[in-house]
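One structure is given here, and the rest of the page talks about it.
The values are calculated or read from the model by the stated rules, or taken from the named source; none is laboratory data. Bear in mind that the values here come from a model prediction, so they are computed numbers and not experimental data. We place every Cβ from the backbone using ideal geometry, glycine too, and count neighbours over all the protein chains shown.
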Amino acid sequence: MSDLYHVSSSPHVRAKDTTSRIMLYVIIALLPASLFGIYNFGIRALLVIVATISSCLISEILYNMIVHKKQTIDDLSAVVTGLLLALNLPVTLPLWEAAIGGAFAIIFVKCLFGGLGQNFMNPALGARCFLLIAFAADMTNFVTDTYTGATPLAAMRNGEAVNTMDMLIGRTGGTIGETSAIAILIGAIFMILMGVIDLKIPASYIISFVVFMVLFGGHGLDGNFITAQLCGGGLMLGAFFMATDYVTSPITPRGQIIFGICCGILTGLFRTFGANAEGVSFAIILSNLLVPMIEKLTIPRAFGQVKAAKKEEGGK
Amino acid sequence: MGSKTFKGGVHPYEGKELAKDQPITEVLPKGDLVYPLSQHIGAPATPIVAVGDKVQKGQKIAEAGGFVSSPVYASASGTVKAIEPRRVAVGDMVNSIVVENDGAFTEVSYTVCDDVTALSKEEIIEKVKEAGVVGMGGAGFPTHVKLSPKEPEKIEYIIANCAECEPYLTADYRRMLENPEELVSGMKIILQLFDHAQGVLAIEDNKPDCIEKLTELVKDEPRISVCALQTKYPQGGERQLIYAVTKRAINSKMLPADAGCIVDNVETIIAVHNAVKLGKPVTNRVATITGDAIENPGNFLYSIGTSYTELVEAAGGFKEQPEKIISGGPMMGFAMFGLDIPTTKTSSSLLCLTKDEVSAMEPTACINCGRCVEVCPELLVPSRLSKFADRGLGETFEKWNGLECIECGSCSFICPARKQLAQSIKTMKKQVLAAKRKK
């Protein structure tokens, strides 16, 4: 029976993109923001990035060894988590704290829930929020040699004027990867072109946020204020790279729009009425928690179902 | 005006250049011919010959087993050797008539119809039924049943499925180039049955030569037009095709006739022409024998019942040992253990691939990327459906419209985690439908 051919269920061909390739696209898309972060904050930014990525990779290897699971680091998702986490940390953060953040993201937010695809919360953001509570002072210390003042949004809150051009380019204080709206947008455009993300989540996030800020931000239709709000506080990074995380956002098309709106409203709420000027991280992880419910409410209608109903009515 | 299409779909590697320029060549069978009695949807045909009987080419050897059934004809002359279960392409054992080929090809005589327009509707349907015409695109649904809808006056479109959206397949393409008159004649015969219908030849725009040729041919036919479709898989899926042409959407509980449509593929319409005009039953058809393992890929007019082994020989044999052979196209075809399988009325292609890129793939975790949702032509959520299927959650599966799946395989094709989504969904669909039938 040596001449038996292979048998499997159709289809017998596959598209090229694999999980690791998609992750690689995300890493490439994060490079402009990462490089700008290193340029803006100096070589220490690179150290933070290296610390979180290696901590993420090592945690995943160790975890899989301990629970006797297949090693999964070649899917590159741990690298994405590590990089995203680093971009959400202040450059001054002690490296061991950054490393703890990476380990928390991988072990507590991802692996304990079953690994890639099973976590209900964005690992990088989960870890960031953990660090914000655990090391509150270090996590909010944005004073470096170059930038001695508060972050632009905090400054604006105190009534100071901000330079929106600096914010677009990224010449401000803040976390490593959040400052340059332009660098983030370059990465976002790359992801859209490569088909990694589409505009449903980022657009509904940004639009609903702008609407909220115009209505309740207290500045009305002040272009300067809105631009600053959009460029500051990690909103761009959040909208394009964190809210779009596949695992923790709805899979249904209508659900994605509702999810984006939740993120936008919550961010606006936290920024306007909350205790600090940011709020993107909390807005996204809280919206993450709503995903199962959103999906249940947005089961798409199958092809032909609407028309069928209409037709029946029309016929009677 | 751009080409028409549907929402979703994928763009697999086309592979059509392998065989597309090879004219149709006739292959005469050398060895035994095997005629499975279930080559169609519905009741199996009943043999009307016995072991030892002499048969001629074109002689009826099995009678339709009911209304939804179809007769089977001998495609070569010889002696009935056995009536026994034989393995068919989908893997089942099916009772079959085996005819030992005497190589003489003595043929019964056929009655050509000089004036088709003088035939009544009933006569046409009877001729189609008697000739054993079934949906030759793959489904094998008896054509006379399709042509007898409850309210024929409500049929507005007869759509010729000339999409041929499965990669590698070029049989319909060659038919359109080489036998366009027969296609149009078949279409005219079908239109004769439906007074309020117009005929549409729906062709994917990767076949501009066919579009041009047929447009020219039907320019004086007031009831027939050509419609260009975007090249996208599964453009030739019945529901997708109807939507592209008419913007009417039907679901699994409806028939094309509910949208005022009847869809038949190229080979079927040509079979209608042969049956009604020439009085010839279905004994042969065109198939593409192709793939990177085949020495001379091409399109062959073969006698139904011929073994795939002979068709591979006709195409020059293997230039390299294939790892996988598929009856049908790469998206929906059936992989077969071996070549010693009889061809049937629905065998449109044999694809021989040197590399089986699928079996060895290790599925990884679903990352919820939503690509399957984006490509699903039925607007379903395949990743969720397959999860419900794996957990045996039939009710949830139904609630998420799992029964609407057309099994096109686009979700598995696109999945970056290499999950066998379509396989899980297909299996669950069968289970849910079986449970429903029990109730």
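Quick notes on this structure:
- Within region A:1-41, tally of residues that are of a type in the set (D, E, K, R) and farther than 20 Å from A:S77 by Cα: 2
- Restricting A:I294, A:I261, A:I257 to those that are under 23 Å from B:A417 (Cβ atoms), modelled with pLDDT of 90 or more and in contact with a helix residue (DSSP H, G or I) (Cβ under 6 Å, 6 or more places away or on another chain) reduces the list to A:I294.
- Residue tally, condition under 12 Å from A:I49 (Cα atoms), crowded, with 19+ Cβ neighbours inside 10 Å and over 14 Å from the mean Cα position of the chain (by Cα), over region A:80-115: 7
- Yes/no for B:C415 being in contact (Cβ under 8 Å) with a residue 60 or more places away in the chain and more than 7 Å from chain A (Cβ to nearest Cβ): no
- Filter result for the condition that a residue is more than 30 Å from A:Y39 (Cα to Cα) and either under 15 Å from the mean Cα position of the chain (by Cα) or within 14 Å of chain B (Cβ to nearest Cβ) (or both), over A:L235, A:L199, A:L185, A:L286: A:L286
- Considering only residues in region A:230-241 that are closer than 12 Å to A:L153 by Cβ and crowded, with 23+ Cβ neighbours inside 10 Å, the one that is modelled with the highest pLDDT turns out to be A:L235.
- Scanning region B:287-306 for residues that are under 17 Å from B:A131 (Cβ atoms) and buried (at least 24 other Cβ atoms within 10 Å of the Cβ) yields B:I304, B:G305.
- The residue list B:V128, B:V145, B:V94 contains one member that is of a type in the set (A, V, I, L, M, F, W, C) and outside the structural domain of B:R175 (by TED's automatic domain parsing), which is B:V94.
- Taking region B:298-407 and the helices (runs of 4 or more DSSP H) fully enclosed by it, the elements with 1 or more residues that are of a type in the set (V, I, T) and either facing chain A (nearest Cβ under 9 Å) or out of contact with any Cys (no Cβ under 6 Å at 6 or more places or on another chain) (or both) are at B:308-314, B:371-375, B:394-399.
- Residue satisfying all of: in region B:252-297; of a type in the set (A, V, I, L, M, F, W, C) and part of a strand (DSSP E or B); farthest from the chain's Cα centre (by Cα) among these: B:I294
- Taken together, A:T267, A:T244, A:T272, A:T227 contain a single residue that is β-branched (V, I, T), in a helix (DSSP H, G or I) and buried (at least 24 other Cβ atoms within 10 Å of the Cβ), which is A:T267.
- Within region B:94-182, helices (runs of 4 or more DSSP H) holding 1 or more residues that are touching a strand residue (DSSP E or B) at 6+ places or on another chain (Cβ under 7 Å): B:143-146, B:171-178
- Any hit, region B:203-226, residues being within 14 Å of another protein chain (Cβ to nearest Cβ), closer than 15 Å to B:N161 by Cβ and in a helix (DSSP H, G or I): no
- Taking the criterion of being out of contact with any Gly (no Cβ under 9 Å at 6 or more places or on another chain), under 25 Å from A:A29 (Cα atoms) and of a type outside the set (V, I, T), the residues of region A:78-100 that qualify are A:L95, A:A98, A:A99.
- Long-range neighbours under 7 Å by Cβ, at least six apart or interchain, first residue more than 7 Å from chain A (Cβ to nearest Cβ) and surrounded by 24 or more Cβ atoms within 10 Å (Cβ to Cβ) within region B:236-250, second modelled with pLDDT under 95 and assigned to a helix (DSSP H, G or I): B:I242/B:P256; B:I242/B:A259
- Index of the failed condition, A:L221 passing every other in (1) within 14 Å of another protein chain (Cβ to nearest Cβ); (2) in a loop (DSSP other than H, G, I, E, B); (3) aliphatic (A, V, I, L, M): (1)
- Qualifying residue in region A:42-60 (condition: within 14 Å of chain B (Cβ to nearest Cβ), outside any loop (DSSP other than H, G, I, E, B) and surrounded by fewer than 16 Cβ atoms within 10 Å (Cβ to Cβ)): no
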